[in-house]
Amino acid sequence: MSAPRNSAVGEQGSTESAETANPHKTIKRTKAAKTAKEAKSAETGSAAKAAKPADAARPRKAAARPESRLALVRRARRINRELADMYPYAHPELDFENPFQLLVATVLSAQTTDLRVNQTTPALFAAYPTPEDMAAADPEALEQLIRPTGFFRAKAKSLLGLSAALRDRFGGEVPGRLEDLVTLPGVGRKTANVVLGNAFGVPGLTVDTHFGRLVRRWKWTGQEDPEKVEAEIAALFPKSEWTMLSHRIIFHGRRVCHARKPACGACPIAPLCPSYGEGETDPDKAKKLLKYELGGQPGQRLRPPTDYPGRAAAPLGATASLEAAAPLEAATSLGSAGSLGSAGSAAPVEAAE
């Protein structure tokens, strides 16, 4: 009975004795286990790093700081100065000789181009030169004269109504106050500002589709409502700049900063524009997108101002031999080009510009 017990104890004792007798083997086994553990840990770490998204290791860019009010005002006024250098001949692109003609032309410019209005008004004003004459016009005869401008029945109704109001309430004269103008049939705030700014010298902003599009692209405002846009932009500039600012912006919207495909690569204010890159950035390709005098094409006025560098438009029905006319050098004229869009038009036809 004692032999087995002694044997077991002897086996245990012999093992311990063996390990004690050879300590170098124990140290080697410990080092090997440690090395294996470190290798496994390193392998796990590498796998974890590989599993992370590639961009996680890239340094993150600091979020752009919002533009301060002062910075916005400075940038907006600098853009205005650049546009003044580019379009020193900015003007309303409707032909007119007096406030009544401008009022009528602006009403007609809704939903059409200034060119079509300018081609239509010579015969219209020859037939009805005064508010009294137009108020007494036969509706059907008036409709036929203005038919080329589109929506001729509604426009004829507005012209008859505003002419009668001028005759009956204002002594046959166009009033020089906004609050009076907006009481006339077919006349809203935008049309009133066109008339006041260009016939009476009263500063005003013309918030048409071009104006609204550009000031939003430039981040001057985020508003969509024309009256809110007018209020926010008016706060950025001295009142004395309002009328010419409108002309310059609409010029630029018609010539360069188009709705569908802006000519970013040919735009002199690109460094100041937060929306640069929405359109064509290649300079040669962008140059081909320029319109009117910047693209070597006729303007919209049949009787443009004497300082206008482009060609006059052709009368209605005339065949303009554009191919025979020598094209203007768009590149050299970029520093002095432009033309106002449909001043006061409700929604100019973009494709027809």
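The values are calculated or read from the model by the stated rules, or taken from the named source; none is laboratory data. This one's a predicted model, so the numbers in the text were calculated from it and none came from an experiment. Glycine gets a Cβ as well: all are built from the backbone with ideal geometry, and neighbour counts include every protein chain shown. Note: areas computed on protein heavy atoms with side chains; ligands, DNA, RNA excluded. Shrake-Rupley method; radii C 1.70, N 1.55, O 1.52, S 1.80 Å.
Is there a pair in LYS190/LYS261; LYS155/LYS190; LYS190/LYS228 whose C-alpha atoms are over 19 Å apart, and which pairs would that be?
Too far apart for the 19 Å limit: LYS190/LYS261.
For region 193-311, what is the convex hull (Cα atoms) projected area averaged across all directions, in square nanometres?
The Cα convex hull of region 193-311, projected and averaged over all directions, gives 7.9 nm².
Using a 1.4 Å probe over the heavy atoms of the protein chains, calculate the carbon and sulfur portion of the accessible area of region 85-161 as a whole percent.
53 percent
Counting alpha carbon pairs within less than 8 Å and at least 6 residues apart, what relative contact order, in whole percent, applies to region 152-244?
20 percent
Short version: ³J(HN,Hα) in whole Hz for each residue of region 184-200, in order, from phi by Karplus 6.51 cos²θ - 1.76 cosθ + 1.60 (θ = phi - 60°), x for Gly and Pro, what are they?
7, x, x, 10, x, 5, 5, 4, 4, 5, 4, 5, 4, x, 9, 10, 10
Mind ordering 187-195, 152-160 by average Cβ neighbours within 10 Å, highest first?
Peptide ranking by packing, descending: 187-195, 152-160.
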